[in-house]
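Read the structure below first, then the notes.
The values are calculated or read from the model by the stated rules, or taken from the named source; none is laboratory data. Nothing here was measured: the structure is a model prediction, and the numbers come from that model. Cβ placement follows ideal geometry from the backbone for every residue including glycine, while neighbour counts extend to all protein chains displayed.
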Amino acid sequence: MRSGVGGFSWSKGPRDARAGEHRPKGTVLADVQAPKPGQTLPPLSAQAAASWDWNRVLTPAVVLQILPLVGLVLWTYWYPLMKWEAVWRRNSAWGHGYLIPLIAILLAHFRLKEFNPRRIQPCVWGLVLILAGLVVRIWSQSLMFTFPGDLSFVVVVAGVVLLVLGWEMFRALWVPAVYLLLMIPWDTKYYEGVALPLQTMSAAATERFLGVLGYDRIPSEVRDEWLRTWNGHTLWVSRDVNVLHLASALRDPLNVAEACSGLHLLFAFVALGVLMAFMHRTPLWERLLIMGSSVPIAIFCNFIRVTLMALSSDALHFERLAAASNAPTWAKYVPDFIWGTLAGGALPDKIAALRQTVLNPDSWLHQSFGFLMLGLAFLIMSIELRLIDLLFIEDEAPGDGDSPKPDTSGCA
């Protein structure tokens, strides 16, 4: 007799009287693909996109088994989940956290279409993962060191997938499970430890690029002495670690703070890179290349962002000086209803308010530069994909995927 809940067999399956053979262990998902006498199945890789259907997984039996486990996970991690949501809502650096679970589901869809698993075979090794994750969470709570406990959420989710769905499904779904790491806010000391070097890198790259554009680069050691002879019109830049001193920023230097460090862009771009890699590419080396390139692309886009901030600061500063002296200025041609949205009475005051809005990390105008950089990163990755297609041609091995791999997991 078969044992288990909802048709799942945790023991060896019975003999099929009609075929005289053992049926595969677990619940078969690919019955719709069973060949008729004399029929030859097409390669699995060619079948997957057309044949995969979520209804083959989310059967009533699977839902009844997985719902209690999902409830247990949500109950165990309710406080961390609420804490993460508060960070996503209040900190723009982690605003992408809302999208990560949705993208993980989309990623799971593409992975299941790619692997097209044929059966659900629950595996008790998933219980080991769940218990290991819960032990880490309890240990981190007892030491008041919550970050490892937060990370254990992904281990527990992976354990639930393995316990209920088995190794064949886990092979397709481990990537979406690990992808959930990108939604977990970092502990402050780790975040600052990575953010400060990125801040310094962005400030140094911007300083050098402004020098290429014709700015005078003034060493910080002689800046005060040099300012005594400054004529008030020359463009110049000087840097103290992650602080840029400009002609427009004598009293309030441009501080490349955490919001401009590029770290939050790094998380968002890595998330974008992983999604594009698993949506558009199959060879492992192409996926690793695309995911790895998201890091330098994020650093480059952040350099562009900080440079635009510095150029905008100087441009608006000298425009305000021109408007104050009644010199010709483009600001006089801007419609009044646009200036009406800014504080200040006279035109020079409105230009100064516009500059403060551009440099304020919490303003919509400042944050729009970040969305612009996401568009630039998507364009660069698209060009990268196109170059890979032009330079490399993948030959698909004949007969690849004609039959499923034998079950070697040892789960019964």
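Kindly check whether there is at least one residue in the stretch 146-165 that is of a type outside the set (Asp, Glu) and either at positive phi or not in a helix (DSSP H, G or I) (or both).
At the first step, the residues of the stretch 146-165 found to be of a type outside the set (Asp, Glu) are 146-149, 151-165.
With the extra rule that they be either at positive phi or not in a helix (DSSP H, G or I) (or both), the set shrinks to none.
No, there is no match, as no residue in the stretch 146-165 is of a type outside the set (Asp, Glu) and either at positive phi or not in a helix (DSSP H, G or I) (or both).
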- Would you be able to tell me the number of residues in the stretch 72-88 that are surrounded by 14 or more Cβ atoms within 10 Å (Cβ to Cβ) and hydrophobic (A, V, I, L, M, F, W, C)? 6
- Item | Qualifying residues in the stretch 89-109 (those that are within 12 Å of the chain's Cα centre (by Cα) and of a type outside the set (A, V, I, L, M, F, W, C)) - the one farthest from residue 174 (Cα to Cα) | 95
- Message: residue 143 - would you say it is assigned by TED's automatic domain parsing to the domain that holds residue 316, out of contact with any strand residue (DSSP E or B) (no Cβ under 8 Å at 6 or more places or on another chain) and surrounded by fewer than 16 Cβ atoms within 10 Å (Cβ to Cβ)?
- Response: no
- Residue check: is residue 122 in the same structural domain as residue 73 (by TED's automatic domain parsing) and assigned to a loop (DSSP other than H, G, I, E, B)? yes
- Task: Look through the stretch 220-252, keep the residues that are within 33 Å of the chain's Cα centre (by Cα) and surrounded by 16 or more Cβ atoms within 10 Å (Cβ to Cβ), and return whichever of them is modelled with the highest pLDDT.
- Result: 239
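May I ask you to verify whether residue 354 is in contact with a Leu (Cβ under 7 Å, 6 or more places away or on another chain) and either at pLDDT 80 or above or of a type in the set (A, V, I, L, M) (or both)? Give the derivation first.
Values: in contact with a Leu (Cβ under 7 Å, 6 or more places away or on another chain): yes; either at pLDDT 80 or above or of a type in the set (A, V, I, L, M) (or both): yes.
Judged against the criteria, residue 354 is a match.
For residue 114, indicate whether it is within 28 Å of residue 59 (Cα to Cα), acidic (Asp, Glu), surrounded by fewer than 21 Cβ atoms within 10 Å (Cβ to Cβ) and at pLDDT below 90. Spell out the reasoning first.
Values: within 28 Å of residue 59 (Cα to Cα): yes; acidic (Asp, Glu): yes; surrounded by fewer than 21 Cβ atoms within 10 Å (Cβ to Cβ): yes; at pLDDT below 90: yes.
Spelling it out, residue 114 is indeed within 28 Å of residue 59 (Cα to Cα), acidic (Asp, Glu), surrounded by fewer than 21 Cβ atoms within 10 Å (Cβ to Cβ) and at pLDDT below 90.
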- Does the stretch 370-390 contain at least one residue that is under 23 Å from residue 237 (Cα atoms) and at pLDDT 75 or above? no
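Name the residue, out of 190, 179, that is surrounded by fewer than 17 Cβ atoms within 10 Å (Cβ to Cβ), part of a helix (DSSP H, G or I) and hydroxyl-bearing (Ser, Thr, Tyr).
Details: 179 fails: surrounded by fewer than 17 Cβ atoms within 10 Å (Cβ to Cβ).
After applying the criteria, what remains is 190.
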- Item | Cross-chain or 6+ apart pairs with Cβ under 8 Å, the stretch 142-164 first and more than 24 Å from residue 62 (Cα to Cα), then acidic (Asp, Glu) and surrounded by fewer than 21 Cβ atoms within 10 Å (Cβ to Cβ) | 146/187; 147/187
- Query: Looking at (1) in contact with a Gly (Cβ under 6 Å, 6 or more places away or on another chain); (2) crowded, with 19+ Cβ neighbours inside 10 Å, can you tell me which one residue 217 breaks?
  - Reply: (2)
- Task: Within the stretch 218-243, track down each residue that is outside any helix (DSSP H, G or I), closer than 25 Å to residue 205 by Cβ and of a type outside the set (Val, Ile, Thr).
- Result: 219, 230, 235, 236, 238, 239, 240, 242
